[in-house]
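Single-structure report; data block below.
All of the numbers you see were taken from the coordinates with simple rules; none came from a lab. Predicted model, so just to flag it, every value in this text is computed and none were measured. Glycine also receives a Cβ, built like all others from the backbone with ideal geometry; neighbour counts cover every protein chain displayed.
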Amino acid sequence: MFVYVQVGACKVAAEDAFECLHKGNVSTNKLEHTLKKMCKEGAYWGTVAGVYVGMEYGVERIRGRSDWKNALIGGVVSGALISAASNSHRDKIVKDAITGGAIATAAEFINYLT
């Protein structure tokens, strides 16, 4: 789960570094703002990972099996929950649920290959 926190923080660092280089403007205020964004983004992705792991484990316990379907169901439920918590548009929630399921299933299959 710590990896997801790092991914979120690195994403912000890369985006803000590009912006600073593009504009040619680096300041203490901008650095402080970037650090706050890194913490917020890291916390968000850590939360997403926690929700997903909890959902996948719960599905595994309910089904009594350990296979790729747990990742699919866990990803769908996590995507829907996180989307529903941040917006109320039904179409967006469905799209995010499908995306969560697809990403989780793809990651599970890639994990089997390695």
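Data overview
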item	result
Positive-end residue of THR28, LEU72, SER88, charge dipole of the stretch 2-113 with Cβ unit charges	SER88
For the chain, size of Cβ-based charge dipole, Lys and Arg +1, Asp and Glu -1, in debye	200
Mean Kyte hydropathy of 1.0 or more with a Cα span along the axis of at least 15 Å, helices from DSSP in the chain	68-86
The stretch 2-113 shape via C-alpha gyration tensor axes, a/c threshold 1.5	prolate
Local electrostatic count at VAL26 - Lys and Arg +1, Asp and Glu -1, tallied over other residues with Cβ under 14 Å	-1
Calculated FRET efficiency for the pair VAL26/ASN111, C-beta based, R₀ 35 Å, to 0.05	0.30
Taking the stretch 1-73 and dividing mean pair separation by its residue count, relative contact order in percent (alpha carbons under 8 Å, at least six apart)	41
Lysine pair count for the chain [Cα-Cα under 30 Å; pairs on different chains or 8 or more apart]	20
Length added when fully stretched, VAL94-ALA43, from 0.36 nm per residue minus Cα-Cα	16.0 nm
